[in-house]
Amino acid sequence: MFGVFRRKVVSGSCSASVIGKSWRRTRPVASINADCFTSEGEVLRHSRITENVRSICHVTQPGAAVNLRPLREVVTSLHPCVGMQLQNRMFSSESGDLVDAVVPFMGESISDGTLATFLKKPGDRVEIDEPIAQVETDKVTIDVASPEAGIIQEFVAKEGDTVEPGTKVAIISKSAEGAAVPSKPASPDAVSQPPSTAEKAEETPKPKVETTPAVEKPKPASPPPPKTSASEPQLPPKERERRVPMTRLRKRVATRLKDSQNTFALLTTFNEVDMTNLMKLRSEYKDAFLEKHGVKLGLMSGFVKAAVSGLQNQPIINAVIDGDDIIYRDYIDISIAVGTPKGLVVPVIRNAEKMNFAEIEKEINTLAKKANNGTISIDEMAGGSFTISNGGVYGSLLSTPIINPPQSAILGMHSIVNKPMVVGGNIVPRPMMYVALTYDHRLIDGREAVFFLRRIKDVVEDPRRLLLDI
């Protein structure tokens with residue numbers, strides 16, 4: 001059989017030693033089915049070849065291009081009625097039964113990742129496109145899928161390895177024959193072999209020889225433990241500490257937040273919002289809203305609409321410094337900070353100024369589900385002109401959020417607490433929330449920041465302002 005002759009498709013060269021070895025293995029015999037390589041890494045499969053082939057290709061010198069003229073002569077000498085099939089073999093081994101599972105393309109700005117975990121074990125059955133491993137990048141977690149259905153023969157990479165797109169992770173056998181079958185332990189009912197003569201001799205008891213016990217020397221007294229001074233701190237033992245490497249996502253978040261702190265002139269202003277009317281609006285229309293739009297009415301959509309109104313009134317909050325220039329954005333992309341078990345991610349609501357309450361709620365639910373189950377993509381987190389962070393879902397009463405670069409401001413929401421407030425000369429309980437705006441003081445003055453936060457307060461306390469545009 002010809003065998004499969006491998007050569008580098010990109011460089012157009014081949015290894016003379018490999019071709020020689022493959023040809024020596026297959027030279028004496030004829031073949032019924034044969035694969036021959038042409039240019040561009042394609043394979044010509046011929047159904048019948050009835051004579052020995054003495055020369056497939058030759059190399060003039062090591063590293064030179066392959067001369068395919070003898071191959072063309074063989075092809076042209078075939079019977080005209082012989083069918084030829086053209087196909088590409090992306091993943092192939094010499095037996096044709098094994099395929100390689102490789103790391104997929106991970107995005108324009110991602111060059112490598114860390115092999116976080118294997119979802120399968122050697123010997124497991126997998127279907128086509130079924131995830132077998134996960135690669136953790138600076139932004140998202142990407143699945144490595146099986147290119148074919150079969151049995152996992154072995155993993156060629158280890159957890160914790162740094163991998164790039166195209167790196168081989170596992171070998172899949174399309175048939176069960178190529179998979180490694182673990183050896184079964186011996187049955188407890190197996191008949192034991194009779195002991196050998198040497199073993200019997202060892203079992204024969206030997207006569208005991210009485211020996212005089214050696215006189216033990218007295219052990220020197222151990223020195224007393226050193227006395228610690230009263231001022232010396234008592235540190236916990238190292239056995240009670242664990243050292244765990246940081247994930248790539250955590251390292252990326254740490255780097256970006258520290259860069260933000262070192263680059264921006266951060267300043268935070270606060271205000272207090274009465275949530276009575278917004279909560280009453282949600283309570284009255286939540287059932288009708290759910291029945292019509294298929295999604296629950298939450299408080300986040302009200303704050304997104306309020307932020308859009310504030311950004312339209314104060315465009316400088318939506319701008320950013322770029323070198324010696326200021327870039328004003330004529331669109332509003334709201335980033336929503338979402339805490340996940342693996343770290344903080346910030347998916348983006350595109351063109352929020354064109355969306356209504358229902359569309360915003362649907363988009364938030366979709367992005368939050370993807371973020372929590374790890375299926376969110378790079379494109380869904382790229383960009384963003386303003387960020388909203390809701391620490392109130394965790395019970396935070398007050399905080400100073402950090403800007404998400406390259407934005408210029410971030411709005412922090414907090415928990416709702418009933419407080420005694422003076423309304424119309426009377427002290428009444430009201431659900432109140434602290435809101436915080438952290439902004440880049442290099443670009444945004446206190447006047448614009450306070451006006452923006454005041455607009456958030458006015459719209460949330462009276463949502464009818466959105467309808468009347470006042």
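Worth pointing out:
- Heavy-atom accessible area order for Leu299, Leu411, Leu467, largest first, 1.4 Å probe: Leu467, Leu299, Leu411
- Legend: calculated FRET efficiency, Thr162 to Ile128, from the Cβ-Cβ distance at R0 = 41 Å, rounded to 0.05, equals 0.90.
- Solvent accessible area, Å² - Asp129, 1.4 Å probe, full protein context: 110 Å²
- You can think of it this way: the chain between Glu461 and Ser415 has 15.0 nm of extra reach, that is 0.36 nm per residue less the Cα-Cα gap.
- Shape class of the range 236-362 from the Cα gyration tensor (axes a ≥ b ≥ c, square roots of the eigenvalues): oblate, since a/c reaches 1.5 or more and a/b does not exceed b/c.
- Stretchable slack from Asp287 to Glu353, in nm (0.36 nm times residue separation minus alpha-carbon distance): 21.2 nm
- Accessible area per residue (1.4 Å probe, heavy atoms of protein chains only) ranks Glu353, Glu159 as Glu159, Glu353, with the largest value leading.
- Cα gyration tensor category, rounded, prolate or oblate, for the range 341-470 with a/c compared to 1.5: prolate
- DSSP beta bridge pairing in the range 297-401, given as percent antiparallel to the nearest 5: 75 percent
- Taking the range 349-470 and dividing mean pair separation by its residue count, relative contact order in percent (alpha carbons under 8 Å, at least six apart): 17 percent
- Accessible surface comparison of Phe264, Phe270, probe 1.4 Å, protein chains only, largest first: the order is Phe270, Phe264.
- Rule-of-thumb Rg ratio for the range 305-372 [Cα; 2.2 N^0.38 Å; N residues]: 1.27
- Distance (nanometres) between label positions extended 7 Å along Cα→Cβ at Asp112 and Lys238: 2.9 nm
- Paramagnetic reach from Asp322 (point 7 Å along Cα→Cβ, amide N under 20 Å) across the range 413-451: 440-444
- Once backbone amide H atoms are built at 1.01 Å from N, Asn390 has Ala337, Met413 as its partners under 5 Å, excluding neighbours fewer than 5 places away on the same chain.
- Sequence-separation-based contact order of the range 235-343, relative, with Cα cut under 8 Å and 6+ spacing, percent: 19 percent
- Here the gap between Arg447 and Asn426, fully extended at 0.36 nm per residue and compared with their Cα-Cα distance, gives a gain of 4.4 nm.
- Counting only protein heavy atoms and using a 1.4 Å probe, the accessible area of Tyr331 comes to about 100 Å².
- Pairs beyond 18 Å (Cα-Cα), from Lys120/Lys174; Lys296/Lys354; Lys251/Lys370: Lys296/Lys354; Lys251/Lys370
- Spatial separation of Cα centroids for the range 258-304 and the range 353-390, in angstrom: 14 Å
The values are calculated or read from the model by the stated rules, or taken from the named source; none is laboratory data. These numbers were taken from a predicted model, which means no experiment stands behind them. Neighbour counts are summed over all protein chains in view; Cβ atoms, including those assigned to glycine, are modelled from backbone coordinates with ideal geometry. Heads up: the accessible areas ignore ligands, DNA and RNA and are worked out on the full protein's heavy atoms, side chains in. Shrake-Rupley method; radii C 1.70, N 1.55, O 1.52, S 1.80 Å.
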